[in-house]
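Each reported figure results from applying straightforward, stated rules to the coordinates on display, with no laboratory input. Please read these numbers as outputs of a predicted model, since none were measured by experiment. In this analysis, Cβ positions are derived from the backbone assuming ideal geometry, glycine residues included, and neighbour counts consider all displayed protein chains.
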Amino acid sequence: MAKKVQSLFASWNQTLSNTTSHWSGSGIYCETSIDGIGTCWPRSSAGHMVSRPCPEMFYGVRYNTT
C-alpha cells in the first residue's frame, strides 16, 4: 500500500509541475491545488470556470464515470 501512495504522490507532483509550468496568463488567478479526493485543479484566471472529470476510483471503489 505504501508504494501505491508514493506513486500517487509522485503523479500529483508531476501533474502540479506540468500545470504550473504551462501557465501563461496574467492578472488575478486561482492557484493550482489538489482537493480532498485527489483531483488536481490547474491555475486559472479568476472568474473562469475549470472542470475536471469524475474520478474512476474513489477510496478503492470503481465508479462508472459515463
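In terms of packing, defined here as the mean over residues of other Cβ atoms within 10 angstrom, the peptides 46-56, 28-38 line up highest first as 28-38, 46-56. Spin-label pair Arg52-Ile28: with each label point 7 Å from Cα along the Cα-Cβ axis, the two points sit 2.3 nm from one another.
Spin-label model, Arg62/Arg43: points 7 Å from Cα along the beta carbon direction are separated by 3.7 nm.
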